[in-house]
Amino acid sequence: MTKRSAAAAVTAAAIGLLTACGASTGDGQDTATAPVAENRPIVDKANWPKATPERGLAKGLSLPLEDYMQSYEDTVTLDKATRKLQEKCMADYGIALQLPVAGSTPPPNDNDANMERRYGLTDRVAAAQYGYGLPDALTHQVRQKMPDLTEEQVEVLTGHGKPTRTSPAAAPAAKPAPATYKGKAIHKGGCVGWSDDRIGQSTIDFQLVSELNGQSLTQSMETPAVKQATAAWSQCMKGKGYDVATPYEAADIVPHAESGASKEEIAVALAEIDCKEETGLVAIWFKEDSAIQTKQLAAHRSELAGARDRHGKALAAANKSLAG
């Protein structure tokens, strides 16, 4: 396994801890699990993730690379702006379109650093209630209905038709949209592409910071300090009756059920956190992780700064569009 794929694998394992229970990891509209009902607001900012953890062993922790990542609030701003433009664009073709409201399906973490569970569970209060699962507000989110569009309307919106399969084994493919719709030229990429160009969303690229973030996590695991602390944590877990080598494996001891955390699962979750507190694993791991990211920043500062600048310009354009 290459260093890059190893980083991706460990990062995926860490993210897997926070996406158990089927909660949304972005602001997609079809991942929520509860209908609009019970007089609940479609967007409840109280459920949005905090910029940094506010309790637990990761309270107040923020890694150097987080300054170059997109926050959930920024994601929502960009989504709101592009969706508003898409609706305007479609109206220019005589098509009434109402897209789902952005910000209704918040993820558990504010950005890709995933500080809440980057080093496994850290919030004892949440673990005592949900085990390895997520709060009800994240697993029972408001579901908004996606608009039912005709083939022609999809072409105007996206610049291509609805994806179809030519055979059961083939991947879904879509035919390009025709040049015009009722005599009016269809934008390249449809109204989606047009809105992205207006905001500058197509210039946003977080690939480098995402790769560095994954690399720092895997590299920090191999540092002597983290290895020693992890071994001490593992020994502590054995003393509580659980034979696991790393925090990422602890979640598999008692699988999380959709109906909620069992007493056995909660016991493992609390043991994991207590052993981390006893051994200082989170603080040690964070220190090593931060040191690696500081070196990464020194080596890639201009590239990261350029990406952040492009993101900032897109965000400014989004805010201007929303205000207009």
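Computed from label points 7 Å out along Cα-Cβ, the spacing between Glu249 and Lys287 is 2.5 nm.
Taking label positions 7 Å along the Cα-Cβ direction at both Thr164 and Glu222, the computed distance is 5.0 nm, reported to one decimal. Counting other Cβ atoms within 10 Å as a rough exposure proxy, the listed residues Ser202, Ser216 run Ser202, Ser216 from fewest neighbours to most. Sorting the Cα pairs of the range 168-222 by distance into bins of 5 Å, from 0 upward, gives 4, 13, 12, 11, 12, 13, 12, 9, 7, 3, 2, 1, 0 percent per bin.
Just checking the listed ones, Thr75, Thr150, Thr279: in the Gaussian network model of the chain with Cα springs under 10 Å, the one fluctuating most is Thr150.
Beta bridges from DSSP with both residues in the chain: antiparallel share about 60 percent, rounded to the nearest 5.
For the chain, the longest principal axis of the Cα atoms and the long axis of helix 72-92 meet at an angle of about 10 degrees. Axis angle, to the nearest 10 degrees, between helix 207-221 and the longest C-alpha principal axis of the chain: 10 degrees. Give the calculated FRET efficiency between Thr294 and Val125 to the nearest 0.05, with a Förster radius of 30 Å applied to their Cβ-Cβ distance. For R0 = 30 Å, the calculated efficiency reads 0.45. Residue order for Trp194, Trp233, fewest other beta carbons within 10 angstrom first, comes to Trp194, Trp233.
Rounded to 0.05, the FRET efficiency of the Lys320 and Asp136 pair, given R0 = 41 Å and the Cβ-Cβ distance, is 0.65. Summing +1 for each Lys or Arg and -1 for each Asp or Glu among the other residues whose beta-carbon sits under 15 angstrom from that of Gly239 gives -2. Extension gain for the segment Gln207 to Ile42, taken as residue separation times 0.36 nm less the Cα-Cα distance, is 56.3 nm to one decimal. Count Lys and Arg as plus one, Asp and Glu as minus one, and take only other residues whose Cβ is under 14 Å from that of Lys162; the net charge is then -2. In percent, rounded to a whole number, the relative contact order of the range 76-180 is 20, using alpha-carbon pairs under 8 Å and six or more apart.
Here the Debye sum runs over all C-alpha atoms of the range 193-291 as equal scatterers in vacuum, and log10 of I(q)/I(0) at q = 0.22, 0.24 Å⁻¹ comes out as -1.07, -1.17. Taking Cβ atoms as reference points and 10 Å as the exclusive limit, the residues near Gly94 contribute a net charge of +1, counting Lys and Arg as +1 and Asp and Glu as -1.
How big is the gap, in Å, between the Cα center of the range 260-319 and the Cα center of the range 100-151? The range 260-319 and the range 100-151 have Cα centres separated by 17 Å.
Bear in mind these aren't lab numbers, they're just calculated from the coordinates by the rules spelled out. Treat the numbers as computed from the prediction; the structure is a model and nothing was measured. Please note: Cβ atoms are built from the backbone with ideal geometry, for glycine as well, and neighbour counts cover all protein chains shown.
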